Structure formats: C-alpha cells, structure tokens
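Working notes, beginning with the structure itself.
The values are calculated or read from the model by the stated rules, or taken from the named source; none is laboratory data. Computed from a predicted model, the values in this text were never measured in an experiment. No Cβ is skipped: glycine too gets one built from the backbone with ideal geometry, and neighbour counts run over all protein chains shown.
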Amino acid sequence: MSGPDRQRQDLIECATLARRIAPATCRVDPALGEACAWYHGFWPYLRLLEVVGSPYRHQGFFREALAPSIAGGNRGRVLVSGAVDYAMPALAIDIYREAGAALDLTVADICETPLALVRWYGARIGVSLATSAGDILDYAPGGVFDVILTHSFLAMFPPDRRRALLRRWRLLLRPGGVVVTISRLRPDSSEARIGFTPLEAENFIAAVGRAAQGGLLDLDAKALVAGARAYVERQRIWPVRTAAEIEALFQDSGFRLERLEENWTERAAAKGAASGPTAKGGAYAMIVAVRS
Ligand SMILES: C[S@@+](CC[C@H](N)C(=O)[O-])C[C@H]1O[C@@H](n2cnc3c(N)ncnc32)[C@H](O)[C@@H]1O
C-alpha cells in the first residue's frame, strides 16, 4: 500500500473506532452539560470529508521547527499538548523516525477519546507512547520535556487563562526546551468566545453535504449532514487575534520567541469566504518559543 493509501486507511479505521467509543469515553463538558462525542467521535469523518485541517497541512513548518531540537541530540522527550485525534502524534513519530532520532512521546488531553485513538495508532504501528488524561493546567508528570508540540491549542483557552497555560508549559519544559505550535489568527474578532456564524455554519454544512454524497463508511449522507449540524452548533473557541498578542503572551511568560511568522496565504486563497472555528482556511501564526 502506498503512503497516502495507508494514511487514508488509518483514518478510515480511526473514524469508525472514534464514533464507536466516543459516547462512552468522551468527557462531559461542563459548559455544554453533555459529552464531547459530537467532536471527538466525528472529527475523523470531517477529516475524511476534507472540511477540516490537520497538522499534516503544516508539516513543512513542524519539520523545520523540530530540526534544531532533533539535531541537538537530546532524548526526544516530546509532549503533545492536546490532540483531537492521532494526527499530531503521528506527525511527530514520522519526523523523528525519518531523522533516525529517539522519541519518547507523551500525549496529554482533557478527554480520554483522543488518547484511546492515539494508543490505538501507537499499537497499530508498533510505537510505544504514554498518554495522560486531564486538564493540561494541572498536568504534573514529575519530569520535563524537550519539546511541547500542539496545533491550534491556544484558542481552547480564554485570554485570561492563557498565561496559566504558558506557566504550565514552562514548568513542563527543561531550560532551552521549545514550544512548537500553530495558531489561527482572527484579527477581526473580539476577545469573546465564538462559534460558527449562521453563514459559516451554512457553508460548512453545505460543504459536508457536497463531500458526503453517497455516504462515508457506516454513515449515509443524511447522517453526515446531521453530524456536521451538531458540530457547528457546539464548536466554540476563544479567538487568538494577532501575532502581537502571541508575542506578548510568550515573552511575558518566560519564553524567547525564536520564530513568529504570519501566514496569510490560505486566507487569501479562500478569497474572504467565511470559515468557522476549526474549518479549513484562514491566517495562521507559526510559533517556535524557547523556554528561558
Ligand atoms: C489540539 S486542540 C485543536 C485540534 C485541532 N487542530 C482543531 O482544530 O480542532 C483540541 C484538543 O484540545 C483538548 N483540550 C481542550 N482543552 C484542554 C485542556 N484544558 N487540557 C487538555 N486538553 C484540552 C480537546 O479535548 C481537544 O482534543
């Protein structure tokens, strides 16, 4: 099987697994009063339908950003902080494996479902890894990491909790350790928590409807559209607005920014079309921050 075929097969098997286990393993979100199965149980389907992105879309950045740490010859202690499915850990495994470098991988998430998917993936490819379920703000494993890796995680936190997140990440890194991440930029938003606007929701559901014709795996087109509707009704993020905001956040929290680049290409390519939280497109900040 070719590389892309294998990746698609992994995702197909992950999707049915995620949907099967999520009702039992997802955590009840206190804000919604219901479990996040609408998210973790449906995300791999959204990836298969290509209406959301994954860290692989930014793999060039992650490869480049991790190269100095890998060349530094440390023990490859990597923490993936928040992983909606196995994609970010899989990319880390690919990058370290291609470099012939040691990797000691831990994945932490507040919900057990993505961690179960990560363990499934590790077993599938024969890589041992550790997982930890709980709020990252309370995570205290008793050791330190060389790298913290994550994709679109800052927007999971309200602005007044981001400093606590950065303080925690700092505690979790050795001096000289790095945070490597990407954050969507929303310069037109306020600080308030947002979901899909009615137009964004309509566009997202329509995109799922187009991609879902004929159904996908165990779900017919109607069920996929219903899943997309449940998703847009619930998904909420706290916008990260500008690179300047990110710069201040890291610098005030004991990090030196080695790289902070804005990428507006995907937003320009979308020609201003609205896209909601986690939907593809938009501007991004690429961040490499060194713990001082
Ligand atoms: C990595 S982030 C974003 C992933 C993806 N790129 C996206 O756009 O949705 C999503 C993950 O963060 C996790 N998460 C949210 N708040 C968290 C917290 N306080 N501690 C640990 N994990 C958290 C969620 O359970 C979810 O699996």
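Quick rundown of the values:
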{"read-out": "Criterion: at pLDDT 95 or above, among the basic types (Lys, Arg) and farther than 16 Å from Val118 by Cα - qualifying residue of Arg27, Arg19", "value": "Arg27"}
{"read-out": "Selection status of Val52, of a type in the set (A, V, I, L, M, F, W, C) and modelled with pLDDT under 95", "value": "yes"}
{"read-out": "Search result, residues across segment 122-165 that are part of a loop (DSSP other than H, G, I, E, B), within 10 Å of the ligand (Cβ to nearest atom) and of a type outside the set (Phe, Trp, Tyr)", "value": "Gly134, Asp135, Ser152"}
{"read-out": "Selection within segment 166-190 - touching an Asp or Glu at 6+ places or on another chain (Cβ under 9 Å), crowded, with 19+ Cβ neighbours inside 10 Å and in a strand (DSSP E or B)", "value": "Leu173, Gly177, Val178, Leu185"}
{"read-out": "Residue list for segment 13-33, filter: β-branched (Val, Ile, Thr), in contact (Cβ under 8 Å) with a residue 12 or more places away in the chain and in contact with a strand residue (DSSP E or B) (Cβ under 9 Å, 6 or more places away or on another chain)", "value": "Thr25"}
{"read-out": "Segment 214-249, residues that are under 18 Å from Asp29 (Cα atoms), among the hydrophobic types (A, V, I, L, M, F, W, C) and in contact with a Gly (Cβ under 9 Å, 6 or more places away or on another chain)", "value": "Val232, Ile237"}
{"read-out": "Asp94, sole failed condition from (1) more than 24 Å from Ala24 (Cβ to Cβ); (2) within 16 Å of the ligand (Cβ to nearest atom); (3) assigned to a helix (DSSP H, G or I)", "value": "(2)"}
{"read-out": "Qualifying positions in segment 167-185 - within 13 Å of the ligand (Cβ to nearest atom) and farther than 17 Å from Val78 by Cβ", "value": "Ser183, Arg184"}
{"read-out": "Residue in segment 90-100 that is among the hydrophobic types (A, V, I, L, M, F, W, C), in contact with a Lys or Arg (Cβ under 6 Å, 6 or more places away or on another chain) and either closer than 22 Å to Leu172 by Cβ or touching a residue at least 24 places away in the same chain (Cβ under 8 Å) (or both) present", "value": "yes"}
